[in-house]
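Handing you this structure, nothing more for now.
The values are calculated or read from the model by the stated rules, or taken from the named source; none is laboratory data. Since the model is a prediction, treat every value here as computed from it, not as a measurement. Neighbour counts are summed over all protein chains in view; Cβ atoms, including those assigned to glycine, are modelled from backbone coordinates with ideal geometry.
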C-alpha cells in the first residue's frame, strides 16, 4: 500500500518553479516576448471551426516560417475588414 506524503504528492515541487516576470502594468510576461496575449486587455480569444486538413496545413506552413497562428488570423481578419470599407 502506498503512503501519502505530508503536504500532498506535489509537495516536493514546491519552491522549484520560477516566478513569472512582471511585464507592463504588473501583467505576466513570456520569455523575451513581452506581455502574453492572454494577459493583454487589447486581445480577445476567439474560437473558430476549421477543417482538420486546413488546420494541419496552416500549422505546418507556420512552423516553417516561425509564424504564429494568432498573428495570421489577425492579419486575415484585418485585411477582410479593410476590403469592406
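In segment 54-85, which residue that is assigned to a loop (DSSP other than H, G, I, E, B) and within 18 Å of the chain's Cα centre (by Cα) is nearest to residue 38 (Cα to Cα)?
Applying the first criterion (assigned to a loop (DSSP other than H, G, I, E, B)) to segment 54-85 yields 66-68, 84-85.
Restricting the remaining residues to those that are within 18 Å of the chain's Cα centre (by Cα) gives 66-68.
Working: 66: 20, 67: 18, 68: 14 Å.
Ranking the qualifying residues of segment 54-85, first place goes to 68.
It is to be established whether one or more residues within segment 11-28 are part of a loop (DSSP other than H, G, I, E, B), surrounded by fewer than 11 Cβ atoms within 10 Å (Cβ to Cβ) and at pLDDT 95 or above.
Taking every residue of segment 11-28 in turn, none turns out to be part of a loop (DSSP other than H, G, I, E, B), surrounded by fewer than 11 Cβ atoms within 10 Å (Cβ to Cβ) and at pLDDT 95 or above.
Shifting gears a bit: Kindly establish whether residue 7 is under 18 Å from the mean Cα position of the chain (by Cα), at pLDDT below 65 and either surrounded by fewer than 10 Cβ atoms within 10 Å (Cβ to Cβ) or assigned to a helix (DSSP H, G or I) (or both).
Numbers: under 18 Å from the mean Cα position of the chain (by Cα): no; at pLDDT below 65: yes; either surrounded by fewer than 10 Cβ atoms within 10 Å (Cβ to Cβ) or assigned to a helix (DSSP H, G or I) (or both): yes.
In short, no.
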